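Read through the structure below, which is laid out as structure tokens, and then see the notes.
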Amino acid sequence: MNRKQIVKRLIQIVIVLFGISYFTFGLTYLSPGDPAEIMLTECGNVPTPELLEKTRAELGLDKPFLIQYGTWLKNIIQGDMGTSYSMKVPVFDKLMSCLLPTLKLSLTSLAIMLVISVPAGIFAAYYQNKFVDYIVRGTTFLGISIPNFWLGLILLSVFGVKLGWLPVAGGGTDWRHLLLPAFTLAFAMSAKYTRQVRIAVLEELHQDYVTGARMRGMKERTILWRHVLPNAMLPLVTLLGLSLGNLLGGTAVVELIFSWPGMGNMAVSAITSRDYPLVQGYVLWIALIYMAINLLVDLSYHHLDPRLKEALQ
């Protein structure tokens, strides 16, 4: 990917973020409830008509929609996402404090997923239509079918309540609190990625270079690990980037079940309490992270696959 393409992608990201910001702000503007009343109630004040009018003026809620949106967008560009109604802290600080636990959970679940899916997919492909392949494929069907929330509740019941090995709740971020939610997220992903790895390895095993290597007397282990596996893993780089973006923005149910203090849990609390600045900041933040990850994946993909460089020349 050359400099011109990178600049083009960055312009696209800015345009998409602008559209998301307008759409998000518009939805919160049209949503029921008065932000001034919500803010005063959260502070423990009685929302009298005089106090409501004063608070609306202070927040700029008495101005037309476009002026409100322009002011909010100007503050966003300057790095000010506003202040949370319910938590009374800057939105940016709250997002940053919740990002690290979510990132920790996401990366751990991805690591567990790779440890499970890559060997399973390779063995299933190498022993195609044999007993190992049938076992792996059957397990992947089971993994895809089980919902995350159901698996999380079962794991809590078994390892937290009955066996008492791991904590049931508490909101901690150490490894004992991390293990169950990470495995819950990794289980369904492992089923999907195992099938992807199996398909990719099967395609590579039928390539001419594999046949040529076998005819030259090269060992099967060498062919598999030095040649087949690197080529088969290239298409999965894009999927890994998409999965990381999805995990950063889509782990709310699992975080709620395990009381994990991440961004998903925070987003649900913000929606429940109608904390509009926090909801707006969360949506914009997740969109930015998701698109940045996709850009980095595309850049790495072009460096990992020399054929793309030759095609662009």
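The values are calculated or read from the model by the stated rules, or taken from the named source; none is laboratory data. Remember, it's a predicted structure, so these values are computed and weren't measured experimentally. Because the Cβ atoms are built from the backbone with ideal geometry, glycine has one as well, and the counts that use them run over all protein chains shown.
Looking at residue 136, is it of a type in the set (A, V, I, L, M), surrounded by fewer than 15 Cβ atoms within 10 Å (Cβ to Cβ) and over 24 Å from the mean Cα position of the chain (by Cα)? Even if it seems obvious, please write down each step before you answer.
Numbers: of a type in the set (A, V, I, L, M): yes; surrounded by fewer than 15 Cβ atoms within 10 Å (Cβ to Cβ): no; over 24 Å from the mean Cα position of the chain (by Cα): yes.
No, not satisfied.
Tell me which residues, restricted to segment 82-111, are within 20 Å of the chain's Cα centre (by Cα) and either among the polar types (S, T, N, Q) or not in a helix (DSSP H, G or I) (or both).
Applying the first criterion (within 20 Å of the chain's Cα centre (by Cα)) to segment 82-111 yields 91-111.
Across segment 82-111, the qualifying residues are 97, 102, 106, 108, 109.
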Residue in segment 240-259 that is closer than 30 Å to residue 129 by Cα, in the same structural domain as residue 117 (by TED's automatic domain parsing), crowded, with 16+ Cβ neighbours inside 10 Å and not hydroxyl-bearing (Ser, Thr, Tyr) present: yes
Scope segment 168-187; condition of a type outside the set (Val, Ile, Thr) and buried (at least 19 other Cβ atoms within 10 Å of the Cβ); matching residues: 177, 178, 180, 181, 182, 183, 185, 186, 187
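Every residue in segment 141-182 that is under 21 Å from residue 193 (Cβ atoms) and among the aromatic types (Phe, Trp, Tyr), please.
141, 149, 150
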Checklist (1) touching a His at 6+ places or on another chain (Cβ under 9 Å); (2) within 23 Å of residue 239 (Cα to Cα) applied to residue 167, failing item: (2)
Unmet requirement for residue 165, which otherwise passes all of (1) surrounded by 13 or more Cβ atoms within 10 Å (Cβ to Cβ); (2) over 18 Å from residue 255 (Cβ atoms); (3) of a type in the set (Phe, Trp, Tyr): (1)
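Mind telling me which of the residues 66, 142, 110, 73 ends up being closer than 30 Å to residue 237 by Cβ, at pLDDT 85 or above and either hydrophobic (A, V, I, L, M, F, W, C) or surrounded by 13 or more Cβ atoms within 10 Å (Cβ to Cβ) (or both)? Don't jump to the end; show me each part of the working.
Working: 66 fails: closer than 30 Å to residue 237 by Cβ; 142 fails: at pLDDT 85 or above; 73 fails: closer than 30 Å to residue 237 by Cβ.
That would be 110, the only listed residue that is closer than 30 Å to residue 237 by Cβ, at pLDDT 85 or above and either hydrophobic (A, V, I, L, M, F, W, C) or surrounded by 13 or more Cβ atoms within 10 Å (Cβ to Cβ) (or both).
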Among (1) of a type in the set (Gly, Ala, Ser); (2) more than 23 Å from residue 148 (Cβ to Cβ); (3) surrounded by fewer than 21 Cβ atoms within 10 Å (Cβ to Cβ); (4) in contact (Cβ under 8 Å) with a residue 24 or more places away in the chain, the one test that residue 269 misses: (2)
Unique residue being surrounded by 18 or more Cβ atoms within 10 Å (Cβ to Cβ) and either of a type outside the set (A, V, I, L, M) or at pLDDT 85 or above (or both) when the list is 105, 100: 105
Subset of segment 216-234 that is part of a loop (DSSP other than H, G, I, E, B) and among the charged types (D, E, K, R) - its residue that is surrounded by the most Cβ atoms within 10 Å (Cβ to Cβ): 219
Residues of segment 242-288 classified as farther than 23 Å from residue 83 by Cβ, in a helix (DSSP H, G or I) and at pLDDT 75 or above, total: 8
Set 270, 232: member being over 30 Å from residue 156 (Cβ atoms) and of a type in the set (Gly, Ala, Ser): 232
Pair list, Cβ under 8 Å, 6 or more apart: segment 213-235 residue within 23 Å of residue 300 (Cα to Cα), other residue at pLDDT below 75 and hydrophobic (A, V, I, L, M, F, W, C): 234/304
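Before we move on, is residue 209 under 30 Å from residue 100 (Cα atoms) and not small (Gly, Ala, Ser)? Give the derivation first.
On the way: under 30 Å from residue 100 (Cα atoms): no; not small (Gly, Ala, Ser): yes.
Considered against the rule, which asks whether it is under 30 Å from residue 100 (Cα atoms) and not small (Gly, Ala, Ser), residue 209 comes out as no.
Looking for whichever is under 13 Å from residue 102 (Cα atoms) and hydroxyl-bearing (Ser, Thr, Tyr) here; the options are 269, 190, 259. Which one fits?
Working: 269 fails: under 13 Å from residue 102 (Cα atoms); 190 fails: under 13 Å from residue 102 (Cα atoms).
Residue meeting the stated conditions: 259.
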Scan of segment 207-248 for residues that are small (Gly, Ala, Ser) and within 27 Å of residue 191 (Cβ to Cβ), ordered by number: 232, 241, 243, 245
Selection from segment 272-297 of residues that are more than 17 Å from the chain's Cα centre (by Cα) and crowded, with 16+ Cβ neighbours inside 10 Å: 273, 274, 275, 276, 277, 278, 280
